[in-house]
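Step one of this worksheet: look at the structure below.
The values are calculated or read from the model by the stated rules, or taken from the named source; none is laboratory data. Quick caveat: nothing in here was measured; it's all calculated off a predicted structure. Using ideal geometry, Cβ is built from the backbone for each residue, glycine included, and neighbour counts are taken over all protein chains shown.
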């Protein structure tokens, strides 16, 4: 039956674009709710839990092969109570069951397929399953039949296994004896990256290659700490090659999710908001460290994409764009030489073909056959020297290609607005706006934080996780709090509006009250008022997105220096202690946490400026202080006459101007220099 004629299932009432994509499947899907678990208990059926997200390519494939197919759906409806979860809406659910999959199989991914008892205890896990068994891999239809048989004939074994898995999960979050951390941990992590660095193409290892910007952000701090030039060269080489590669959209800007090859040529074409945010930070900091103009230009390009295509009319940021259009991955982004010649004319086409490295036979392999098509992914790696050709001519060509491409059928846009990912983007834009003195970026961040305050904050001041189509919902998790607080701290240093610090403190206090592990230290991923799950997880590992504990450690340290309330630093110390054993064994997996530990270990700086904010000389000082790469510093403005820019902390009351001139007070490692009105002298103290 065509999908448009099929009666919808329960997912039709959901807001998640991913769940709505499955609303016309013949599978009797439930969202994650009590009704589903009660049905499983009542009918004595296992639960099939399928977790994915709207721009996940293999999620689409499994839906088309299995969930849209009548016979497979009939088997599922007989054997299971089936639950669909959007991992971006419910990262609390995803965290638990992804850990199960990794524990049982040694790896994980999406779509995530879990089979569990009606009381949420898992006993089988996997990812994508083809509809039919082949090449030694069980097909989904055969899996359903096998699970149904075992559920009926070996129930005791299943229940014992589920109990054992659940107990192992709980034990994994028990207390570990803390290790004493030292600066050697930075060297250990660096040596791993140095060993895995691809000196030809940049990045680490072979394929696939992920941007992982927080790795580069750590390496910049390692260079700053030790003067190791190779660390800086690793960062610059990687960023340059990524920008030249097919992983970057050369026509419409923005980075794709990852590269399937070592050369950054063939991407997985989806675009994620969090990747854009973290890469803005990496390119901005690399520009501070190197003054390479291409890095600033790349930031401008990423921001151009985000503000054009990923920003709602009310200022919130959308989540993602799909890899597929018209059912084909990458179709929106690829070009044949004939298309380019017909569109551009011979002279401009000859120029473009050389710059973008196209060929008549194409460089893009069709996924199912792995055969070359005549399609090309535009990329600049190894092309003519970009310093020698006419940039203006190339820009005119790019605009022409962009306008033509806009007429194609666009990939699906996931237009839900998530607090945590918005926090990352606000933090990134606030930082870039400060460094590049760009008011457009700052204005976008203030609109976005206003959106969060209006639509994703309760009357009690707590955050919500998701907004879509006028509805705000879902309990916020630790990521939401950590990343929004980060955003507020960056916004303060870009605007010096005291409201942002006050809000950051409020959210931090809520987090300490509802997320903090009072026994073992560190933050739980879910609040104590959230849904009860089989285990309350903690996230430390810095994966595609930095962990909330890693970010929170830095937030707490910055707040301690701004407020001089050193209870915040004590909590940061407890985060380091709670993860120290894991960190010492595998430091390269915790690079965002290492950035926070770099701040804690020092040297670090507090810069207090006593001045009128509206004074032009003050603004010049603030702009100049943002230019050099000094990551471990906080900047505070004392303006006693301006209520919008006045912090009420007692320790700031003694700071004043000198002879009516802005006074700069620089403190290093909690020891202060004499104040100065000379900006150059202040920069020397920071150097």
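A few remarks follow.
- A search for C-beta distances below 7 Å between a residue of segment 505-529 that is without any contact (Cβ under 8 Å) to a residue 40 or more places away in the chain and any residue that is assigned to a loop (DSSP other than H, G, I, E, B), counting only pairs 6+ apart in sequence or on different chains, returns 514/527; 514/528; 514/529; 515/524; 515/527.
- Inspection of segment 469-478 finds a residue satisfying the criterion of being outside the structural domain of residue 627 (by TED's automatic domain parsing), surrounded by 24 or more Cβ atoms within 10 Å (Cβ to Cβ) and in a loop (DSSP other than H, G, I, E, B).
- Segment 504-542, subset assigned to a helix (DSSP H, G or I) and in contact with a strand residue (DSSP E or B) (Cβ under 9 Å, 6 or more places away or on another chain), residue surrounded by the most Cβ atoms within 10 Å (Cβ to Cβ): 511
- The requirement of being at pLDDT 95 or above, under 30 Å from residue 466 (Cβ atoms) and surrounded by 17 or more Cβ atoms within 10 Å (Cβ to Cβ) is fulfilled nowhere in segment 366-379; no residue meets it.
- Number of residues in segment 219-249 that are surrounded by fewer than 24 Cβ atoms within 10 Å (Cβ to Cβ) and part of a loop (DSSP other than H, G, I, E, B): the value is 3.
- Filter pass, residue 650 being surrounded by fewer than 17 Cβ atoms within 10 Å (Cβ to Cβ) and within 27 Å of residue 554 (Cβ to Cβ): yes
- Test for residue 596: is it over 29 Å from residue 679 (Cα atoms) and either at pLDDT below 95 or outside any loop (DSSP other than H, G, I, E, B) (or both): no
- The helices (runs of 4 or more DSSP H) falling completely within segment 1-105 include none with 3 or more residues that are on the phi > 0 side of the Ramachandran plot.
- For segment 270-289, a residue qualifies if it is more than 10 Å from residue 424 (Cα to Cα) and touching a strand residue (DSSP E or B) at 6+ places or on another chain (Cβ under 7 Å), and the qualifying residues are 270, 271, 272, 279.
- Meets criteria (modelled with pLDDT under 95 and under 31 Å from the mean Cα position of the chain (by Cα)) for residue 207: yes
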